[in-house]
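So the structure is just underneath, and the comments pick up after that.
The values are calculated or read from the model by the stated rules, or taken from the named source; none is laboratory data. Just so it is clear, the structure is predicted and the values come from calculations on it, not from any experiment. Note: ideal-geometry Cβ built from the backbone for every residue, glycine included; neighbour counts use all protein chains shown. Just so you know, the surface numbers come from the protein's heavy atoms only, side chains and all, with ligands and any DNA or RNA stripped out. Shrake-Rupley method; radii C 1.70, N 1.55, O 1.52, S 1.80 Å.
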Amino acid sequence: MAILNLQIDQGSTFSKQITVYQTDGTTLQNLTGYTVASQVRKNYTSTNYTTILATVQTPATNGVIVMSLTAAQTAALKAGRYVYDLQLTAADETVSRTVEGIITIKPEVTKPEA
């Protein structure tokens, strides 16, 4: 498991590629048959969350996951610090946390006009 802290501009589209390696840190992880899930929350015990779209990039043998949020999703997050993680589920339903960290939402100045 890796720690990756991120900064996201409030009101902006966000996308991040994550390369997944074997647990010993060597070769790329083959993600064929895996599903991924990710959420951002104000704190670990918060019941409110935003789902981060997380997908395995094709070809799955390259071991790359793409995490993304729309501009509307980031605009809905108040500026500040949040926590997130990224979980992989294998075909045999084994779940592992691959990445976790802090997301800092930086406030936007220019807002869409109503």
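Within the stretch 88-114, what residues put their amide N at less than 16 Å from the label point 7 Å along the Cα-to-Cβ vector of TYR21?
Taking a point 7 Å out along Cα→Cβ of TYR21, the residues of the stretch 88-114 whose backbone N falls under 16 Å are 98-100.
Tell me, what is the per residue accessible area of the chain in Å², probe radius 1.4 Å?
Dividing the accessible area of the chain by its residue count gives 63 Å².
In whole percent, what relative contact order does the chain give with Cα contacts below 8 Å and a gap of six or more residues?
After rounding, I find 37 percent.
If you take the beta carbon distance between LEU28 and ARG81 as r and set R0 to 41 Å, what does 1/(1 + (r/R0)^6) give as a FRET efficiency, to the nearest 0.05?
0.85
Can you give me the % of accessible surface on the chain that is carbon or sulfur? Probe 1.4 Å, all protein chains present, nothing else counted.
C and S fraction of accessible area: 51 percent.
Just to be sure I understand: with springs between alpha-carbon atoms less than 10 Å apart, which residue in THR61, THR47, THR89 has the highest mean-square fluctuation in the Gaussian network model of the chain?
It is THR47.
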